[in-house]
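Notes follow the structure.
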Amino acid sequence: MAESYTNITEGSGKKQHSFQRTIGANAVEDNVVIAGEPYLASYVATVAGVANVSVANVNDHLMQLMAGASLNLYVRRVHIAQQVLAGSATLGAWSLCRLTTAGTGGSALTPRPLDPGDAASGATARYAVTASKGTEGVFLFGESMMLPSTAVAPAGRSDVSFDLLRTKAIRIPAGTSNGIAIKNGAAIASASVVITIWFDEANF
């Protein structure tokens, strides 16, 4: 097997770079692709540098992200990191669920573009949405981590990520009633976390 090419008929006959291999009895040409820079408008919504979110109460919505009126959201990554030590070492648990209505409590966050040339995000975010939570829809997945009561090397905190790798991103359809929430699954005295969500916006 070796690198090969596929002819593209365009007047003089350009050649498309490929790699030939055999699948079953057929010689096939895999296209060789040079990845370009991502082009969708990308944003980050985070409580880091703003506040710590308490995990003292079970079933709280620690953070929510809601779509704007006209663009779909594609959530690429959610990261949760311990910021304040627990009263005693405890296993924390978090789940990610869809919302079918937006919560109205807590504090607002402004998603920020990674590229300053992109427009402001139409999405909205809130944290510590405890008093008036959004309506929970489909549960997507969950994760857990140990929250220590004393600093541990090397970073002095625990963290966990929901990473969407080699799969579709979490798509939130356009519409201000559509979103996701990070829900607290265990009451952990004294501890708090910071949460960051990376997402794209698109009209498809």
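Considered as a group, the residues in the range 146-170 that are among the charged types (D, E, K, R) and surrounded by 13 or more Cβ atoms within 10 Å (Cβ to Cβ) include one that is modelled with the lowest pLDDT, and that residue is 157.
May I ask you to say which residue of 49, 106, 92 is closer than 29 Å to residue 189 by Cβ, in the same structural domain as residue 190 (by TED's automatic domain parsing), without any contact (Cβ under 8 Å) to a residue 60 or more places away in the chain and surrounded by 13 or more Cβ atoms within 10 Å (Cβ to Cβ)? Unique residue meeting the criteria: 106. Residues of the range 35-79 that are β-branched (Val, Ile, Thr) and either modelled with pLDDT under 95 or over 21 Å from residue 168 (Cα atoms) (or both): 46, 47, 50, 53, 55, 58.
Checking the stated criteria, residue 3 turns out not to satisfy the condition of being surrounded by fewer than 12 Cβ atoms within 10 Å (Cβ to Cβ), within 30 Å of residue 194 (Cα to Cα) and of a type in the set (D, E, K, R). Screening residue 70 against (1) in contact (Cβ under 8 Å) with a residue 60 or more places away in the chain; (2) surrounded by 15 or more Cβ atoms within 10 Å (Cβ to Cβ) leaves a single unmet condition, (2).
When every residue of the range 76-83 is checked against the conditions, none turns out to be touching a Leu at 6+ places or on another chain (Cβ under 6 Å), assigned to a loop (DSSP other than H, G, I, E, B) and either not acidic (Asp, Glu) or not assigned by TED's automatic domain parsing to the domain that holds residue 134 (or both).
For the range 171-194, residues that are of a type in the set (A, V, I, L, M) and in contact with a Phe, Trp or Tyr (Cβ under 7 Å, 6 or more places away or on another chain) total 1.
The values are calculated or read from the model by the stated rules, or taken from the named source; none is laboratory data. Computed from a predicted structure; not experimentally measured. Neighbour counts run over all protein chains shown; Cβ positions are idealised from the backbone, glycine included.
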